[in-house]
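The values are calculated or read from the model by the stated rules, or taken from the named source; none is laboratory data. Worth saying up front: this structure is predicted, and the values here are computed from it rather than measured. Ideal geometry is used to build each Cβ from the backbone, glycine not excepted, and the neighbour counts take in all protein chains shown.
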Protein chains: 4
Amino acid sequence: MSKRLEGKRALITQCGAYMGPKSVEMFREEGAEVIAEPAVITSAEQAREIVAAAGEVDILIANFAADASSGTAVHQIDDSTWREKFAVMVDPLHWMVQAVTPQMTARKKGKIVVFGSATPLRGMRHVAAYSAARGAQVGYVRAVGAELAAHNINVNLIAQNFIESEDYYPKSVTETDRFQAYLRQNIPARRLGRAEEDVALAIFLAGDESDFFCGQIIPFAGGWAT
Amino acid sequence: MSKRLEGKRALITQCGAYMGPKSVEMFREEGAEVIAEPAVITSAEQAREIVAAAGEVDILIANFAADASSGTAVHQIDDSTWREKFAVMVDPLHWMVQAVTPQMTARKKGKIVVFGSATPLRGMRHVAAYSAARGAQVGYVRAVGAELAAHNINVNLIAQNFIESEDYYPKSVTETDRFQAYLRQNIPARRLGRAEEDVALAIFLAGDESDFFCGQIIPFAGGWAT
Amino acid sequence: MSKRLEGKRALITQCGAYMGPKSVEMFREEGAEVIAEPAVITSAEQAREIVAAAGEVDILIANFAADASSGTAVHQIDDSTWREKFAVMVDPLHWMVQAVTPQMTARKKGKIVVFGSATPLRGMRHVAAYSAARGAQVGYVRAVGAELAAHNINVNLIAQNFIESEDYYPKSVTETDRFQAYLRQNIPARRLGRAEEDVALAIFLAGDESDFFCGQIIPFAGGWAT
Amino acid sequence: MSKRLEGKRALITQCGAYMGPKSVEMFREEGAEVIAEPAVITSAEQAREIVAAAGEVDILIANFAADASSGTAVHQIDDSTWREKFAVMVDPLHWMVQAVTPQMTARKKGKIVVFGSATPLRGMRHVAAYSAARGAQVGYVRAVGAELAAHNINVNLIAQNFIESEDYYPKSVTETDRFQAYLRQNIPARRLGRAEEDVALAIFLAGDESDFFCGQIIPFAGGWAT
């Protein structure tokens, strides 16, 4: 392994959840100076404070953990669940982008990588609220990616699905014959992706090699979305 | 013109705005009994009341007018503008779907057509909040469309752009040489779409001919998105 | 049913195969004067002769039957099978477009609808040659659709899959429990599409209501692709 | 720079053209043992001979130069130009995949990266034959990628556009004010991509970090396609 992020300062949000722990570990291995932010972000002001405390941020890893509640039919989604999906995944993305872009614009350089989802790219049942919030991330990144490219800031989204995670895919589920059969029939890769594969893509998108990626939604789901 | 919607009851939301007026007119011409709902919908309860008052609803036309504010750089979007986009376009879509699907599920038949946007399908500058909210609609329709298909309810979204509208494309803009040059260079059709073309697609998606469309996002933008 | 194609002359290729018979029947019901061409088209010259004999052609329905051979692993595809897929589906599409566009360009009006496939939009196993040829149709229609829109000619493709057809889905297969289970698990609509639904979409795309569709690839697969 | 391809043998086709020279150089820098194949491949037999001579091939870089003839209206494409596009870009891709997969299947490991195009993903004028052939590559990679994933072979395509190249974008064109204005208006990145950025993506897709990519079409066009 090289040191592909030597000299870069990377701010990783919700560092204890979702892709946070593996990102902190691997970004450090690649030479980045990692600012690991544990907070759940609930306001624009908090986002600004986090960025102010972080100092120079070359790379923002927008990582937001969502309750992976599936199995809810659309008519059973109550209003608080509905709003919470946007509060947890969409609002903090926007606030962090707003907080971090002024300094990136001033330096004419920056990288923003969003750990998003492939769910809104292909229909799935019983994930309406989740898919709507993830779809908002997609629409946001397409627009902001086109806009900030003019300032040499690259904003891209990893549209992942079927990545190993005790939250989304607990072992009690994945080790069943039924789940294994599901993988074989529905995922060309026939397995879950590993967190380190996911973060490797994030490292690629955070490094200087990917300066020509602007506002892209990159499916990362073992061929489930392509 | 035929009477393709004879005997159908169609509820059209925000009937006085966006694609509402033309939809009311053309759905009636096609034989539908139109319930033209003028309200801006701001709560789940209100949505339930509207549907209760409407009685049987065979077709829901989910039409939500948004302030077509563009030209706002992402760092200038204030929190109230940000929230308002979701409040105006995303929440009422969900509430209306929740309100109308129980009766459609009971009858094992229903049509929901959303007037959405192609914006989240292709990056545009200075429309971050709008694109995020429209992207939420896309993710929502993909999920709900897959889910409700099992009950023979078709949910689809018209991903429109460059449709004639005094709100989005005022004549003071469209009649300039600059705008006409823009159309020639960027839109294969070299013109704006007409409201009646847009509603004709909605009628197709609302009628019995399109029962095999489930959770689709149909670009309608003169070839700008395909 | 209305007469939506009154006064239009529609040339339907390979009228005896694939979507041909149902197209001939339903286009006539909609008032079109149908020129039903039975030939398999094997040269540009033949295409020109067919169009010359047809006279004025307002609508070209590009319908090309392919041997629905699936189940062939990529290393087992012999060269003649490989070439035949392009010879049968791609070359005649191009020749017919070349033959028919001069008169459409002169009249500044025309409609070309291709019965294509959703296969190249989503990966499937053991259909490499078929998917490549169908993908060529997709790339062709996107380019030609953008180009000919400037002459007010609309070129669009129906990216279908899971449509009833004795060739693609023989009853001996579709009536098995296994196939029915496959449909329930993989196709949101939980059934095959009917030929008349498919042709209804072609009629929509062939009529005046869809003038704003340019170079579009429209998935038509019960929600399998969206 | 690390040695990310240490111990890998990479066969690069048409090594003197298109992305060949930069690929040979950078794959070597990453530690790969490069078999640089200069030939234009015109038969399945030739492909088999090339692979037999190459010995073990861990990575196939499917690089095929096409005459970048644009500016041809669809009705002016003669039959030999039409066929040549498929002969140059599509047939050799298939033959090389056929030639190389038996050994990859036997080892249960392999990487195939195709330098393709974003053209078939978005309509462009006057590139009908080129877009059709590039679209065939897309359909082929989606199918073969899904199929070969079961053998742990990753097949992916870089859908590039606007990459620096004396063939596609001669300096006599790119240095004009008109072209620079075109870039600013149409490409979010506001510049051409560099060959080394393109090959960096190929290296990522050829290395062990990207084992979860199966049959993907990855736009690489400065945000022009996303």
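Condition check ((1) touching a strand residue (DSSP E or B) at 6+ places or on another chain (Cβ under 7 Å); (2) at pLDDT below 95; (3) under 22 Å from residue A:220 (Cβ atoms)) across all residues:
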{"residue": "A:2", "(1), (2), (3)": "no, yes, yes"}
{"residue": "A:9", "(1), (2), (3)": "yes, no, no"}
{"residue": "A:31", "(1), (2), (3)": "no, no, no"}
{"residue": "A:45", "(1), (2), (3)": "no, no, no"}
{"residue": "A:57", "(1), (2), (3)": "yes, no, no"}
{"residue": "A:68", "(1), (2), (3)": "no, yes, yes"}
{"residue": "A:108", "(1), (2), (3)": "no, no, no"}
{"residue": "A:114", "(1), (2), (3)": "yes, no, yes"}
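Residue D:96 meets all of the listed conditions (1) surrounded by 24 or more Cβ atoms within 10 Å (Cβ to Cβ); (2) in a helix (DSSP H, G or I); (3) more than 13 Å from the chain's Cα centre (by Cα); (4) not basic (Lys, Arg) but one, namely (3). With respect to the conditions (1) part of a loop (DSSP other than H, G, I, E, B); (2) closer than 20 Å to residue A:146 by Cα, residue B:222 falls short on a single one, namely (2). The condition (being in contact with a helix residue (DSSP H, G or I) (Cβ under 9 Å, 6 or more places away or on another chain) and at the interface with chain D (Cβ under 8 Å from one of its Cβ atoms)) is satisfied by just one residue among C:59, C:41, C:77: C:77. Of all the residues in segment A:80-97, those that are under 17 Å from residue B:85 (Cα atoms) and within 7 Å of another protein chain (Cβ to nearest Cβ) number 4. Segment B:100-211 holds helices (runs of 4 or more DSSP H) entirely within its bounds, and those carrying 3 or more residues that are within 11 Å of chain A (Cβ to nearest Cβ) and out of contact with any helix residue (DSSP H, G or I) (no Cβ under 8 Å at 6 or more places or on another chain) map to B:128-148. When segment A:43-84 is limited to residues that are in a helix (DSSP H, G or I) and small (Gly, Ala, Ser), the one that is nearest to the chain's Cα centre (by Cα) turns out to be A:47. Residues of segment C:212-226 that are among the aromatic types (Phe, Trp, Tyr), facing chain B (nearest Cβ under 7 Å) and within 22 Å of residue D:132 (Cβ to Cβ): C:220 alone. Scanning segment A:184-216 for residues that are more than 22 Å from the chain's Cα centre (by Cα) and at pLDDT 95 or above yields a total of 2. Once segment B:122-137 is narrowed to residues that are of a type in the set (A, V, I, L, M) and surrounded by 24 or more Cβ atoms within 10 Å (Cβ to Cβ), the residue that is nearest to residue A:85 (Cα to Cα) is B:136.
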